[in-house]
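Here the structure comes first, spelled out in structure tokens, and everything after it is commentary.
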Amino acid sequence: IEAIEKQKLVLKNPNSPPKDRAEALKFLVHLIADLHEPFHVTNNDKPPDSGASLVKVTFLNGRPTNLHAVWDDDIINYALRQSRQGVGEYASQLSTGTNKGYVSTEGTVTDWALEAHGLAWNAYFLGNNFMYLDKARPRVWNIDDSYYRKNKGVVDAQMVRAGVRLATVLNEIFAQTK
């Protein structure tokens, strides 16, 4: 959250060198997107699992991975393959879907992080089972189609929120620098 505010300050400062502003813009885009991925803003600490990175799973495609990576990559990549659309078409479909629901740009970056944090708890559940790291008895959880279907909409909604909120932040920054 602090890093986001730092990048915003660089972008708001018309005296910042162009190279610094370009780098700040790249970081801002990345950080706001990451803020909306639930496992980037949470950590199960009993036992510590590094934002679900230590929770071993096998995804629908049979690839051994971890729960964090499922949320970073696998759910959206699987959705793209299932839809048979390119990234642009899929994004367009998501943005069209935002007309059906309201995406709040209210609140602070901290509020947005807490919103994503709240989603993480449900993301740990595979059916009725809580996926966790058991160092005494290592386990690999098998992500099934019901987990995918339950969470695909969450991933889609978080991508839309991230995009709309990023646009809002950029509009605020660049409206002040004119």
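The values are calculated or read from the model by the stated rules, or taken from the named source; none is laboratory data. In this text the structure is predicted, and so the values were computed from the model without any measurement. Positions of Cβ are backbone-derived with ideal geometry, glycine not excepted, and every protein chain shown enters the neighbour counts. Heavy atoms of the whole protein, side chains included, go into the accessibility calculation; ligands, DNA and RNA do not. Shrake-Rupley method; radii C 1.70, N 1.55, O 1.52, S 1.80 Å.
Across the chain, how many lysine pairs, 8 or more positions apart or on different chains, have C-alpha atoms separated by under 12 Å? Please give the number.
Lysine pair count for the chain: 4.
Using θ = phi - 60° and the Karplus curve 6.51 cos²θ - 1.76 cosθ + 1.60, what whole-Hz ³J(HN,Hα) does each residue of the range 104-110 get, with Gly and Pro shown as x?
These are the phi-based 3J(HN,Hα) values: 6, 10, 6, x, 9, 4, 4 Hz.
Provide T110, T42 ordered by accessible surface of protein heavy atoms (probe 1.4 Å), highest first.
T110, T42
Please sort 48-56, 163-171 by packing, taking for each peptide the average over its residues of neighbouring beta carbons within 10 angstrom, highest first.
Order by mean packing, descending: 48-56, 163-171.
Considering only protein heavy atoms and a probe of 1.4 Å, how much of the accessible area of the chain is carbon and sulfur, as a whole percent?
Values: 5570 of 10330 Å².
That fraction is 54 percent.
Collect residues whose amide H, placed 1.01 Å from N in the peptide plane, falls under 5 Å from the amide H of L133; neighbours closer than 5 in sequence don't count.
Excluding prolines and chain starts, which carry no amide H, there are no hits.
As a check on your grasp of the helix formula, calculate [θ] at 222 nm for the chain: sum -39500 (n - 2.57) over DSSP H runs of n ≥ 4, divide by the residue count, round to the nearest 500.
-18000 deg cm²/dmol
Based on Cβ point charges of +1 for Lys and Arg and -1 for Asp and Glu, what charge dipole magnitude is obtained for the chain about its Cα centre, in debye rounded to the nearest 20?
Around 260 debye, computed over the chain.
Per 0.36 nm of contour for each residue apart, how much would the distance between V103 and F130 grow if the chain were fully extended, relative to their Cα-Cα spacing? Don't skip to the end; give the middle numbers.
Numbers: separation 27, 0.36 × 27 = 9.72 nm, distance 2.92 nm.
Result: 6.8 nm gained on full extension.
Could you list which residues have their amide H under 5 Å from that of N66, counting only those 5 or more apart in sequence or on another chain, with H placed in the peptide plane?
V57
If we count every other residue with Cβ under 11 angstrom of V57's Cβ, Lys/Arg +1 and Asp/Glu -1, where does the sum land?
+1
For the range 40-129, state which chymotrypsin sites (Phe, Trp or Tyr not before Pro) are in a DSSP loop and have at most 12 other beta carbons lying within 10 Å of their beta carbon.
Y102
Quick one: Karplus J couplings for the range 51-58, per residue in order, coefficients 6.51, -1.76, 1.60, θ = phi - 60°, nearest Hz, x for Gly and Pro?
Calculated HN-Hα couplings, in order: x, 6, 5, 9, 8, 7, 9, 10 Hz.
With the contact rule set at Cα under 8 Å and sequence spacing of 6 or more, what percent relative contact order holds for the chain?
In percent, rounded to a whole number, it is 32.
Using each residue's phi in the range 153-163, evaluate 6.51 cos²θ - 1.76 cosθ + 1.60 at θ = phi - 60° and report the 3J(HN,Hα) Karplus result to the nearest Hz, with x for Gly and Pro.
For the range 153-163, the Karplus-derived couplings read x, 5, 4, 4, 4, 5, 5, 5, 4, 4, x Hz, x marking Gly and Pro.
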